[in-house]
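Novice: Right, I'll just put the structure down here and ask away after.
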Amino acid sequence: MELADILAERAVLTCTGAVSKRQLFETLSERAAELTGFPRTEIFETLMDREELGSTGLGNGIAIPHGKLKGLTGVTAVFARLEQPIEFDAVDDQPVDLVVMLLAPMGAGADHLKALSRVARLLRTESVTDELRSETDPARLHAVLTAPLEDSDAA
C-alpha cells in the first residue's frame, strides 16, 4: 500500500495553532470529516479512544494516531506538520511535530496494518523527516510523503 493511495493532497495540513493533543485531534478530525463524510465527533472520539490505550507517539517527534470506523470504505490518511511541537506522551517523552492520522474500516486488519507499517517505515527515514520539517508548502509536503521509497528503504 502506497501513501499516494490513501493521502489526498488536501489531506496535508500545516498547523500553527495546535497547542495540545486534543486540539490537534480536533483539527485532524475536522479535515478527515471533510474527506470521508463521517461526523467529526465520531472521528475525534475514535482517535481519543485509541489514544487512551497508549500513546501513538512513536518517538523522534513522530506520531501515528489511528482508529477504525464502521462503514468507512477504505483507509484514509491525514498528515499534519506542526509549526510548534506539542506534548504527546511519546515513548521518548519528546514533543511531536510530524503526525500521520490513519482511519481504517472496521475489520480491515490487513490494510490497516499495511498502512501503519508503510507510514512508520517512511517516517523512520531521516532524509524524509528532515525534508518534512524544513518544508511548509502543503503540495510539496504531499509530494515528499507520496514519493516511492527507494528499494533499499523498502526492505
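Novice: Within the stretch 60-74, can you find the residues that are touching a helix residue (DSSP H, G or I) at 6+ places or on another chain (Cβ under 8 Å) and either more than 14 Å from ALA120 (Cβ to Cβ) or hydroxyl-bearing (Ser, Thr, Tyr) (or both)?
Specialist: Taking the stretch 60-74 first, the residues touching a helix residue (DSSP H, G or I) at 6+ places or on another chain (Cβ under 8 Å) are 60-62, 64-69, 72, 74.
The answer is GLY67, LYS68, LEU69, LEU72, GLY74.
Table: residues versus (1) hydrophobic (A, V, I, L, M, F, W, C); (2) closer than 16 Å to ARG22 by Cα; (3) in contact with a helix residue (DSSP H, G or I) (Cβ under 8 Å, 6 or more places away or on another chain).
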position: LEU53; (1), (2), (3): yes, yes, no
position: LEU82; (1), (2), (3): yes, yes, yes
position: ALA110; (1), (2), (3): yes, no, no
position: PRO138; (1), (2), (3): no, no, yes
position: ALA147; (1), (2), (3): yes, no, no
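Novice: What do you reckon, is ALA120 closer than 14 Å to ASP5 by Cα and of a type in the set (Gly, Ala, Ser)? Spell out how you get there, then give the answer.
Specialist: Values: closer than 14 Å to ASP5 by Cα: no; of a type in the set (Gly, Ala, Ser): yes.
No.
Novice: Of a type outside the set (D, E, K, R), touching a residue at least 12 places away in the same chain (Cβ under 8 Å) and closer than 23 Å to MET1 by Cα - does that describe any residue in the stretch 79-92? Spell out the reasoning first.
Specialist: Pass one, the stretch 79-92, residues of a type outside the set (D, E, K, R): 79-80, 82, 84-86, 88, 90-91.
Keeping just the survivors that are touching a residue at least 12 places away in the same chain (Cβ under 8 Å) gives 79-80, 82, 84-86, 88, 90-91.
From what's left, closer than 23 Å to MET1 by Cα: 79-80.
Within the stretch 79-92, one or more residues are of a type outside the set (D, E, K, R), touching a residue at least 12 places away in the same chain (Cβ under 8 Å) and closer than 23 Å to MET1 by Cα.
Novice: Can you find a residue that is closer than 19 Å to LEU145 by Cα and either among the charged types (D, E, K, R) or free of Cβ contacts under 8 Å to residues at least 12 places away in the same chain (or both) anywhere in the stretch 23-43? Write out each step before concluding.
Specialist: Narrowing the stretch 23-43 to residues closer than 19 Å to LEU145 by Cα: 28, 31-32, 35.
Next, from what is left, pick out any that are either among the charged types (D, E, K, R) or free of Cβ contacts under 8 Å to residues at least 12 places away in the same chain (or both): 31.
Within the stretch 23-43, one or more residues are closer than 19 Å to LEU145 by Cα and either among the charged types (D, E, K, R) or free of Cβ contacts under 8 Å to residues at least 12 places away in the same chain (or both).
Novice: Any residue at all in the stretch 75-98 that's modelled with pLDDT of 90 or more, touching a Lys or Arg at 6+ places or on another chain (Cβ under 9 Å) and farther than 18 Å from THR27 by Cα?
Specialist: The first filter runs over the stretch 75-98 and keeps only residues modelled with pLDDT of 90 or more, leaving 75-98.
With the extra rule that they be touching a Lys or Arg at 6+ places or on another chain (Cβ under 9 Å), the set shrinks to 75, 78, 80-81, 86-89, 96-98.
Narrowing further to those that are farther than 18 Å from THR27 by Cα: 75, 89.
Taking every residue of the stretch 75-98 in turn, at least one turns out to be modelled with pLDDT of 90 or more, touching a Lys or Arg at 6+ places or on another chain (Cβ under 9 Å) and farther than 18 Å from THR27 by Cα.
The values are calculated or read from the model by the stated rules, or taken from the named source; none is laboratory data. Please read these numbers as outputs of a predicted model, since none were measured by experiment. Cβ: placed from backbone, ideal geometry, glycine included. Neighbour counts: every protein chain shown.
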